[in-house]
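Following: one structure in structure tokens, then a few remarks.
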Amino acid sequence: MRSTNISRKDFIRNSALATLGLGITPSLLTDAKAATSPETAVAGKKQLKLKNVRLETGFEYEGEEVIATRTGLFCVEIDNGKITAILPNDPKANATDAKGFLMLPAFKDMHIHLDKTGYGSPWKAARRKQGGVKGMIALEQQILPEMLKTSTDHAEKLVELLQSCGSSFARSHVNIEPTSKLDSLKNLQKALENKKDSFGAELVAFPQHGLYYTDSTSLMKEAAKMDIDFIGGVDPYSLDGEIAKPMDFIVKLALDNNKGIDIHLHESGESGLKTVEYLIDRVNENPVLKGKTFLSHCFVLGKLEKQKQEEIADKLAQAQIGIMSTIPFGGLIMPIPTLYKYGVTVGTGNDSIIDHWNTWGLGSVLQKANLMAQLYGYSTEFLLSRSLKLATYNVLPLDDKGQQQWPKTGDAADVVLIDASCSAEAVSRISPVRSLIHQGKIVF
Ligand SMILES: [Zn+2]
């Protein structure tokens with residue numbers, strides 16, 4: 001089995017984060033020698049005791065306005081992957097020193113393609129795109145056979161990048177199409193098996209080349225039996241020429257195999273809206289799909305009139321369909337505040353790190369929370385602190401009233417230690433990740 005230790009050199013060589021000062025600092029929880037192999041620090045140990053852990057305890061107000069976040073130092077005990085005690089700090093305790101760093105829920109990258117990445121290979125910008133998604137499919141048909149030869153190793157490197165940026169979990173889409181067949185899935189499953197003690201993941205079987213445009217239906221049926229979690233899809237109208245047939249296939253496959261749904265929807269015109277409405281109707285007819293159905297990107301929401309945005313956001317919330325957004329900016333601004341207003345589940349992810357689609361993903365979902373805060377003007381202590389939920393997939397240390405709600409004893413010991421005084425600072429400054437603990441084990 002490949003070592004799960006993180007090579008610091010690999011980070012510096014490969015990471016686009018170097019320029020930002022993100023992610024390249026070895027864990028400060030361990031001594032210098034252990035820093036290159038953090039897991040040895042806790043090898044064979046199920047228990048971990050931390051001292052000098054900074055936790056948020058409340059807001060400070062001036063009148064109605066939150067003007068600061070109160071924190072304190074604590075001892076945190078972890079046993080068997082769970083937080084078992086949160087105690088007053090004891091600087092003299094025989095415990096691992098968290099050095100006053102802020103403990104937050106570990107981050108989750110909710111939309112990424114771990115199976116096809118150029119991360120780990122020499123720098124290469126994306127080529128000029130021709131022919132839209134169909135042009136990209138033709139390109140993938142050429143390059144995937146070569147990429148598959150190294151995809152297990154590249155996926156492992158990408159997981160290490162995500163860990164260095166504070167994520168211990170990802171929802172990864174994985175190509176299922178006639179060129180890769182089931183190999184992209186098998187290669188990724190190998191990588192995740194090698195990383196299973198330090199990283200969690202759920203998989204979306206993704207017919208990237210269209211369900212019918214390149215016939216992927218029988219492969220999708222096979223993939224649905226292969227330990228995946230979601231049935232994926234992509235632009236039914238523009239790739240497959242109609243909405244109902246591919247959408248019905250996806251819904252039936254999910255129902256027959258007791259899976260969720262997560263569909264890439266880039267289409268922004270009438271067909272995009274019809275696809276959203278079609279999915280809402282199918283989920284309402286099949287309530288078992290509520291809470292486990294998602295639309296990724298869903299750019300059409302950014303193109304609707306305000307009133308229509310509100311109507312669709314309400315319907316998405318009622319059907320418990322979530323939106324996974326990479327927080328695009330420029331020509332298209334997604335109505336994320338409207339989605340939150342109606343209670344739609346919103347997640348984010350890096351999507352592409354370095355690949356033939358683009359090279360923008362830094363690996364940090366904290367950076368996505370920062371981008372959201374900038375984009376929507378969330379500049380105050382309160383709004384910045386709320387923005388953290390984009391990185392943690394909706395877990396926040398304090399509720400809106402400033403009551404502490406995380407961590408509680410019994411919570412999963414999936415935590416990140418950040419060099420920041422509070423969530424608001426962490427989001428605003430994209431503060432450095434100092435350590436990551438997954439299921440009670442220091443993994444970065
Ligand atoms: Zn994607």
(message) So Asn370 passes all but one of these: (1) surrounded by 22 or more Cβ atoms within 10 Å (Cβ to Cβ); (2) assigned to a helix (DSSP H, G or I); (3) free of Cβ contacts under 8 Å to residues at least 40 places away in the same chain. Which condition number does it fail?
(response) (3)
(request) Report yes if some residue within the range 147-156 is charged (D, E, K, R) and more than 18 Å from the chain's Cα centre (by Cα); otherwise report no. (result) yes
(request) Test Met103 against the stated conditions and say whether it is hydrophobic (A, V, I, L, M, F, W, C), under 19 Å from the mean Cα position of the chain (by Cα) and within 16 Å of the ligand (Cβ to nearest atom). (result) no
(message) Anything in the range 111-127 that is within 11 Å of the ligand (Cβ to nearest atom) and either over 20 Å from Asn175 (Cα atoms) or within 10 Å of the chain's Cα centre (by Cα) (or both)? List them, or say none.
(response) His111, Ile112
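Looking only at the range 327-356, which residues are part of a loop (DSSP other than H, G, I, E, B) and crowded, with 17+ Cβ neighbours inside 10 Å?
Within the range 327-356, Ile327, Met334, Pro335, Val344, Thr345, Gly349, Asn350, Ser352, Ile353, Ile354, Asp355, His356 qualify.
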(message) Going through Lys408, Lys368, Lys389, Lys341 one at a time, which residue ends up being modelled with pLDDT of 95 or more, within 16 Å of the ligand (Cβ to nearest atom) and more than 21 Å from Glu267 (Cα to Cα)?
(response) Lys368
(message) I need a count of the residues in the range 202-219 that are surrounded by 23 or more Cβ atoms within 10 Å (Cβ to Cβ) and either under 18 Å from the mean Cα position of the chain (by Cα) or not polar (S, T, N, Q) (or both).
(response) 7
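Report yes if Trp360 is within 16 Å of the ligand (Cβ to nearest atom), of a type in the set (A, V, I, L, M, F, W, C) and either farther than 21 Å from Glu65 by Cβ or open to solvent by 50 Å² or more (accessible area, probe 1.4 Å) (or both), otherwise no.
yes
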(request) Give me the pairs, please: first residue somewhere in the range 127-140 and without any contact (Cβ under 8 Å) to a residue 40 or more places away in the chain, second residue anywhere and assigned to a loop (DSSP other than H, G, I, E, B), beta-carbon distance under 8 Å, and either six or more positions apart or on two chains. (result) Gly135/Lys129; Ala138/Gly131
(message) Scan the range 261-278 and tell me whether some residue there is in contact (Cβ under 8 Å) with a residue 60 or more places away in the chain, of a type in the set (D, E, K, R) and either away from the ligand (no atom under 16 Å from the Cβ) or assigned by TED's automatic domain parsing to the domain that holds Lys315 (or both).
(response) yes
(message) Need pairs with beta-carbon distance below 9 Å; first residue of a type in the set (Asp, Glu) and within the range 394-422, second at pLDDT below 95 and surrounded by fewer than 19 Cβ atoms within 10 Å (Cβ to Cβ); sequence gap 6+ or separate chains.
(response) Asp419/Thr25; Asp419/Leu28
(message) Looking at (1) within 19 Å of the chain's Cα centre (by Cα); (2) in contact (Cβ under 8 Å) with a residue 24 or more places away in the chain, which one does Trp360 not meet, given that it meets all the others?
(response) (2)
(message) Given the criteria outside the structural domain of Leu114 (by TED's automatic domain parsing), in a helix (DSSP H, G or I) and small (Gly, Ala, Ser), does Ser421 qualify?
(response) no
(message) Give all pairs with beta carbons closer than 9 Å in which a residue from the range 92-103 that is among the aromatic types (Phe, Trp, Tyr) meets a residue that is open to solvent by less than 30 Å² (accessible area, probe 1.4 Å); count only pairs at least 6 apart in sequence or on separate chains.
(response) Phe101/Leu29; Phe101/Asn52; Phe101/Val53; Phe101/Leu417; Phe101/Ile418; Phe101/Ala420; Phe101/Ser435
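The values are calculated or read from the model by the stated rules, or taken from the named source; none is laboratory data. All figures in this text were calculated on a predicted structure; none of them were measured in a lab. Quick reminder, even Gly has a Cβ in these numbers, built from the backbone with ideal geometry, and neighbours come from all protein chains shown. Keep in mind that these areas ignore ligands, DNA and RNA; they rest on the heavy atoms of the full protein, side chains included. Shrake-Rupley method; radii C 1.70, N 1.55, O 1.52, S 1.80 Å.
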